[in-house]
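Asker: Please find one structure pasted underneath; my questions will follow.
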Amino acid sequence: MSSPINHPQVDVVILGLGHCGGPVAAELSRAGNKVVGLERGPFWDYSVDWAVGNKFDEYAIMVNRKFDFPCSKATFTMRNNSNQFALPVRRYTKDVQVISMGYGVGGMGAHYAGAMGRIGPWAFQAYSNTINKYGASVLPSDHDLEDWPITYDDAAPYYAEWEKAMGISGTNQDPFEPGITYPTAPHPITPVGKLFHDTAVSLGYHPVPAPSALISSGYTNQYGISRNACIYCGWCAGACNFPCEVGAKGSSHVTTIPAAVNSGNFDLRTFSTIFRIDTDSTGRMATGVRYYDASGNVHVQPAKVVYNALWGFNLIRMMMTSGIGTNYNPVTQTGSLGRAPTELGDASLGTTLGTINIGANAYCAGNGWGGGYVMNDFADDNFDHTGLGFIGGGPIYLGNYPGSGPNNFTFLEPGPANFGSAWKATQKDIKLPTKQTLISTIFEGPQIPEKSMYIDLDPHYNDVYGDPLPRVTMDYGSNELKSAKFVLQKYADIMTKMGCTNVTTIPGNGIQDFHMDDYQAHTRGGARMGSNPATSVFNKWCQCWDMQNLFAAGEILETFGDNTTAGTHVAGMMAYLAADGIKKYLASPGSLV
Ligand SMILES: Cc1cc2nc3c(=O)[nH]c(=O)nc-3n(C[C@H](O)[C@H](O)[C@H](O)COP(=O)(O)OP(=O)(O)OC[C@H]3O[C@@H](n4cnc5c(N)ncnc54)[C@H](O)[C@@H]3O)c2cc1C
Ligand code: SF4
């Protein structure tokens, strides 16, 4: 191999240009700092790459995953407990593949669903609030729950910056998430959404239109970057794998990265795969990063500050392979990196189904996230948990656009029922909206971190470059199973009151019952923010305890309590917090706490 290509030092180097990379790129470059952004994928130009003539290729998107990083090059391994052998995810198999890995400027945000929503005040101090109100015995015996090092009020201005950058569509009426003024109006409400709203209000609940990152009107953000409104083509509805041809889907490539590029201080390098954070001889300061370009040449990019926005497992793995921080040891239960990851609840915790007659107003189009309502009455500590045996809960969503979506082919398991005229008859009209509509819901709520759950480097499997894959050891605990059962029953009660028939709840058992490809991958907490350097990796400015010039943001830093699918909303807030921290550090290097 030829010798490395050395670049001059810059103020900040950003690792990964998804949702979390974008805000730091925009904020730091616009403040006059020299910033380099490194991204292993391309820059997707929605007006070309996702134009109508190019994008209607469901097979390439859903099966060949052309907008995702290939699992064959780098993936993760997974097991439910430390007695099992972890196996790698080697292929994408589902039509809604939430585990798909970001690839290209925009990352996963290029084709996600766009569900948004803040976490409320309780969750930031869930540990103290729980102990004070219910006592320690309500927590699992090996829990590893901690308070965030910031409060909701501390987070509020950073949330607001993120919401402005994204143009989030919604209202400010949720009593459980105070102080919100979303920049664009909610999407038009569906008939099922209206029925859910009216029913929930009659029961004394507080539904609000589901916040969405797919914008409802044309919008110009605080950086002067304009975006088109959603045209309700329906393409990204039904399954959330589909990028937007008009740029309405909020993601860094249409919100913050263009602002960074316009600053004149931002050097965007695509097809640049980072493999190490370099450190000085003390091992306590980062000196920059090393990466491969598309031809395999090694580049060295020195920087005063390294900002790690590589997402979840990748973020942790990069620190572990670079020898930064103290890896969690599950035997001694010491160390912080990889400690106590949690997962957003999903279908493995149960499903509630019902059928409803929606009359003549069948709603066939829409988008990936909008048209319905969400209520947080059974999330957080918004209801009395005395005697229930769990803490937390989850939001209740109903009435989003069912969507015509592309999704025009079906994955088949082998079997006689899946071929010939009998099968064809079952498929006839399957995509047409009918009066009788099936509503299906899952539980989505936070998990209590436990000391037996962790992320480390897999001793058996490597990526194509020879570096170990991240290994995830994780399953749900009793708190999640109990809260899922409780919230799904509330769903069932509301659906029955709405007039649904055949309301049924199918209980779940946890991730162990799921194939790992189904795994939701809203993983949080494996590199959490905290007040204690022994149990957290980053301080309240997203600054690494062990390396003052290393900052990060992402769902994996969330300490606890994302009560919606919208981990991205909280991670986006955190990216603005990190941007502020980096500005403070550059002005006066040293620990910020
Ligand atoms: C199908 C799907 C639906 C989803 N729906 C929702 C939703 O409705 N609501 C919600 O809140 N969240 C949703 N999510 C999750 C959401 O998309 C992610 O939480 C968010 O996009 C993560 O942003 P990030 O910046 O942390 O990571 P990413 O978007 O993954 O960005 C990280 C970037 O780093 C790059 N990168 C990684 N490794 C390297 C390397 N070694 N060198 C160089 N570059 C590298 C990647 O290519 C990527 O672009 C969904 C995700 C998927 C896949
Ligand atoms: S439904 Fe809206 S957000 Fe989705 S692809 Fe179409 S225009 Fe874009």
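Here, each number is a calculation from the coordinates, and none is a lab measurement. Because the structure is a prediction, the values reported are computed rather than measured. Ideal geometry is used to build each Cβ from the backbone, glycine not excepted, and the neighbour counts take in all protein chains shown.
Asker: Mind scanning Lys34/Lys584; Lys451/Lys482; Lys34/Lys540; Lys34/Lys73; Lys73/Lys249 and naming the pairs with a C-alpha gap bigger than 22 Å?
Answerer: Correct reply: Lys34/Lys540; Lys34/Lys73; Lys73/Lys249.
Asker: If neighbour count is taken as other Cβ atoms inside 10 Å, put Cys236, Cys20 in order from fewest to most.
Answerer: Lowest to highest Cβ neighbour count: Cys236, Cys20.
Asker: If you average 1/r over every pair of different alpha-carbon atoms in segment 254-409 and take one over that average, what Kirkwood value in Å do you get?
Answerer: Mean inverse Cα-Cα distance, inverted, gives 21.5 Å.
Asker: Is segment 1-92 rounded, prolate or oblate when judged by the Cα gyration tensor, a ≥ b ≥ c being the square roots of its eigenvalues, rounded requiring a/c under 1.5 and prolate requiring a/b larger than b/c?
Answerer: oblate
Asker: Give me the one-decimal nm value for the distance between modelled label points at Leu388 and Ser478, 7 Å along each residue's Cα-to-Cβ direction.
Answerer: The modelled label-to-label distance comes out at 1.7 nm.
Asker: If you average 1/r over every pair of different alpha-carbon atoms in the chain and take one over that average, what Kirkwood value in Å do you get?
Answerer: 24.2 Å
Asker: I need the P(r) histogram for segment 44-83: all alpha carbon pairs, bin width 5 Å from 0 out to the longest distance, whole percents.
Answerer: 6, 17, 19, 18, 12, 11, 7, 5, 4, 2
Asker: Rank these for me by crowding, Arg79, Arg227, going from fewest to most other beta carbons within 10 Å.
Answerer: Ordered by Cβ neighbours within 10 Å, fewest first: Arg79, Arg227.
Asker: Here's a follow-up. Given the -39500 (n - 2.57) contribution per DSSP H run of 4+ residues, what per-residue ellipticity at 222 nm results for the chain, rounded to the nearest 500 deg cm²/dmol?
Answerer: Working: 12 runs with 125 residues, N = 593.
After summing the helix terms and dividing by residue count, I get -6500 deg cm²/dmol.
Asker: If you don't mind, another one. Which FRET efficiency, nearest 0.05, do Val593 and Phe43 yield, Cβ-Cβ r, R0 41 Å?
Answerer: 0.70
Asker: Run through all the Cα pairs of segment 522-593 and give the fraction in each 5 Å bin from 0, expressed as whole percent.
Answerer: 3, 19, 29, 23, 15, 7, 2, 0
Asker: Also, I was wondering about something else. Going by how many other Cβ atoms sit within 10 Å of their own, how do Glu177, Glu58 line up, fewest first? Please report the intermediate quantities before stating the final value.
Answerer: On the way: Glu177 24, Glu58 18.
By the 10 Å Cβ count, ascending: Glu58, Glu177.
Asker: Are there any chymotrypsin sites (Phe, Trp or Tyr not before Pro) in segment 189-226 that are in a DSSP loop and have at most 15 other Cβ atoms within 10 Å? List them by number. Intermediate results must be reported in sequence, preceding the final value.
Answerer: Values: sites: Phe196, Tyr205, Tyr219, Tyr223; in loops: Tyr205, Tyr223.
Filter output for segment 189-226: empty list.
Asker: Stick to Cα atoms and the Kirkwood definition of Rh, then tell me Rg/Rh for segment 98-211.
Answerer: My calculation puts Rg/Rh at 1.03.
Asker: Still on this structure, I have one more. 5 Å is the cut-off here: which amide hydrogens, built 1.01 Å from N in the peptide plane, fall below it relative to Leu87, excluding neighbours closer than 5 in sequence?
Answerer: Amide H to amide H, under 5 Å and 5 or more residues apart or across chains, Leu87 pairs with Met78.
Asker: Need one number: % antiparallel among DSSP beta bridges in the chain, to the nearest 5.
Answerer: Given both bridge residues lie in the chain, the antiparallel proportion sits at roughly 65 percent.
Asker: Put +1 on the Cβ of each Lys and Arg and -1 on the Cβ of each Asp and Glu in the chain; which of Gly218, Trp541, Gln125 then has its Cα farthest toward the positive end of the dipole?
Answerer: Final value for the positive-end residue is Gly218.
Asker: Hey, if you drop one equal point scatterer on each alpha-carbon of segment 18-176 and run the Debye formula without solvent, what base-10 log of I(q)/I(0) do you get at q = 0.10, 0.18, 0.19 Å⁻¹?
Answerer: -0.62, -1.24, -1.25
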